[in-house]
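The values are calculated or read from the model by the stated rules, or taken from the named source; none is laboratory data. Quick caveat: nothing in here was measured; it's all calculated off a predicted structure. Virtual Cβ from ideal backbone geometry, glycine too; neighbours counted across all protein chains shown. For accessibility, only protein heavy atoms count, side chains too; no ligands or nucleic acids. Shrake-Rupley method; radii C 1.70, N 1.55, O 1.52, S 1.80 Å.
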Amino acid sequence: MGPDAERVAPDLQPDQQPARWDDHVSLYEAVFEPLTNAFAAHALDALEIRPGLRCLDVGAGSGGAALLCARRGASLFAIDASARMAQRIAARSGDARPRSVHAAVMDGNALALRSDSFDAALSIFGVILFPDPVRALREVGRVLKPGGRVAVVTWTEPQRYELAARLIAAIAAVRGPQPAPAALPAQLRFCEEPAFRALFERAGLTVESVTVIEEPLRAPSARWLADRLAFAPGLAAVLAAQADDRAAVLDRFAADLERDQGFGAVALTAAAFLGIARRSAVTQW
């Protein structure tokens, strides 16, 4: 899911570079969107999305949450900084009721949208990648109507994100234990509840609730998943770093998963925070 700036700074991680997402649209949709949709369904429930509401999805990826929102009768404006992600959402909008889903390439830090114009907003693993997520959430608050609510999903308890844990274990088995990364992955900046709550508060939003949700990432088989593991720029970079050991790492990843879950369908656990916050009726933007 694309972050908020087209210009690539040297310290941005792969998942924070919108142009790099352009090469992962199909794989992301096939492998990861079913999991993000499961988390999005919880977010839409918490927001009480219903017919007649106007909603915004920031960092909308390939459009799964947008379509879920439209199926509940709401209209959805989806933005992503990856041009090909936005194009994919537009292409899929025909699966929704007429004119209920619109997509655009847009900078999440400077939304080209009218203030006080949306009833609700969501961002599923989207704004958490932004180099300046506070500014992005302030923009979300600006375009929400007074009293409007936003749902954000972010990772928590990284050890319970089984796909990443298994990949790390496979790399260690093939290449030996690896040093810790020089910088914390952007996705994990808000994996502790105080930091997540502070993100909303610094953006001028009032936190209503933070809950932990667990959903499985499902795949037809361990080998199917291993063949498609580079579904995001960060994972693609990790696998590329394995160089000549890449094939061995992927084989070990699949073999360990087959050992534990067999040769048919597999399910890997994932835990995330769902945060719900509200724009105050008296906040000035």
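Can you tell me which residues in the range 12-34 are touching a Lys or Arg at 6+ places or on another chain (Cβ under 8 Å) and either modelled with pLDDT under 95 or of a type in the set (A, V, I, L, M, F, W, C) (or both)?
Those that are touching a Lys or Arg at 6+ places or on another chain (Cβ under 8 Å) and either modelled with pLDDT under 95 or of a type in the set (A, V, I, L, M, F, W, C) (or both): 21, 25, 27, 30, 31.
Could you pull out the residue among 71, 142, 135, 84 that is more than 17 Å from residue 205 (Cβ to Cβ) and at pLDDT 95 or above?
Answer to the check: 84.
Residue check: is residue 43 modelled with pLDDT of 95 or more, part of a helix (DSSP H, G or I), out of contact with any helix residue (DSSP H, G or I) (no Cβ under 6 Å at 6 or more places or on another chain) and over 23 Å from residue 113 (Cβ atoms)?
Considered against the rule, which asks whether it is modelled with pLDDT of 95 or more, part of a helix (DSSP H, G or I), out of contact with any helix residue (DSSP H, G or I) (no Cβ under 6 Å at 6 or more places or on another chain) and over 23 Å from residue 113 (Cβ atoms), residue 43 comes out as no.
Give the number of residues within the range 150-187 that are in contact with a strand residue (DSSP E or B) (Cβ under 6 Å, 6 or more places away or on another chain), farther than 25 Å from residue 69 by Cα and assigned to a helix (DSSP H, G or I).
Total meeting the criteria: 3.
When you go through 226, 219, 183 one by one, which is the residue that is loosely packed, with under 14 Cβ neighbours inside 10 Å, within 30 Å of residue 23 (Cβ to Cβ) and among the small types (Gly, Ala, Ser)?
183
Of the conditions (1) hydrophobic (A, V, I, L, M, F, W, C); (2) in contact (Cβ under 8 Å) with a residue 40 or more places away in the chain; (3) open to solvent by 20 Å² or more (accessible area, probe 1.4 Å), residue 122 clears all except one; give me its number.
(3)
For the condition under 25 Å from residue 206 (Cα atoms) and surrounded by fewer than 23 Cβ atoms within 10 Å (Cβ to Cβ), what is the one hit in 66, 104, 60, 41?
That would be 41, the only listed residue that is under 25 Å from residue 206 (Cα atoms) and surrounded by fewer than 23 Cβ atoms within 10 Å (Cβ to Cβ).
Which members of the range 221-234 meet the condition of being part of a helix (DSSP H, G or I) and either under 16 Å from residue 34 (Cβ atoms) or in contact with a helix residue (DSSP H, G or I) (Cβ under 7 Å, 6 or more places away or on another chain) (or both)?
222, 223, 224, 225, 226, 233, 234
Scan the range 239-269 for residues that are in a helix (DSSP H, G or I) and open to solvent by 60 Å² or more (accessible area, probe 1.4 Å) and jot them down.
Matches in the range 239-269: 240, 243, 244, 246, 247, 251, 252, 259, 260, 261.
Within 23 Å of residue 209 (Cα to Cα), open to solvent by 10 Å² or more (accessible area, probe 1.4 Å), free of Cβ contacts under 8 Å to residues at least 60 places away in the same chain and not in a loop (DSSP other than H, G, I, E, B) - does that describe any residue in the range 142-149?
no
Of everything in the range 264-285, what is farther than 29 Å from residue 41 by Cα, touching a residue at least 40 places away in the same chain (Cβ under 8 Å) and not β-branched (Val, Ile, Thr)? Give them in sequence order.
Passing the criteria: only 285.
Here's the yes/no breakdown for (1) on the phi > 0 side of the Ramachandran plot; (2) touching a Cys at 6+ places or on another chain (Cβ under 6 Å); (3) not β-branched (Val, Ile, Thr):
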| site | (1), (2), (3) |
| --- | --- |
| 132 | no, no, yes |
| 142 | no, no, yes |
| 149 | no, no, yes |
| 156 | no, yes, no |
| 168 | no, no, no |
| 172 | no, no, yes |
| 193 | no, no, yes |
| 197 | no, no, yes |
| 200 | no, no, yes |
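Identify, please: which residue in the range 150-180 is among the polar types (S, T, N, Q) and surrounded by fewer than 17 Cβ atoms within 10 Å (Cβ to Cβ) and is, among those, nearest to residue 200 (Cα to Cα)?
The extreme case among them is 159.
Consider the range 74-88. How many of its residues are of a type in the set (A, V, I, L, M, F, W, C) and assigned to a loop (DSSP other than H, G, I, E, B)?
Residues flagged as of a type in the set (A, V, I, L, M, F, W, C) and assigned to a loop (DSSP other than H, G, I, E, B) within the range 74-88 amount to 2.
Mind checking which pairs have a first residue in the range 198-210 that is under 13 Å from residue 136 (Cα atoms) and a second that is open to solvent by less than 80 Å² (accessible area, probe 1.4 Å) and hydroxyl-bearing (Ser, Thr, Tyr), Cβ under 6 Å, 6 or more apart or different chains?
Going by the 6 Å Cβ cut-off, the qualifying pairs are 204/283.
Can you report the number of residues in the range 200-216 which are more than 16 Å from residue 154 (Cβ to Cβ) and surrounded by 15 or more Cβ atoms within 10 Å (Cβ to Cβ)?
Qualifying residue count, the range 200-216: 1.
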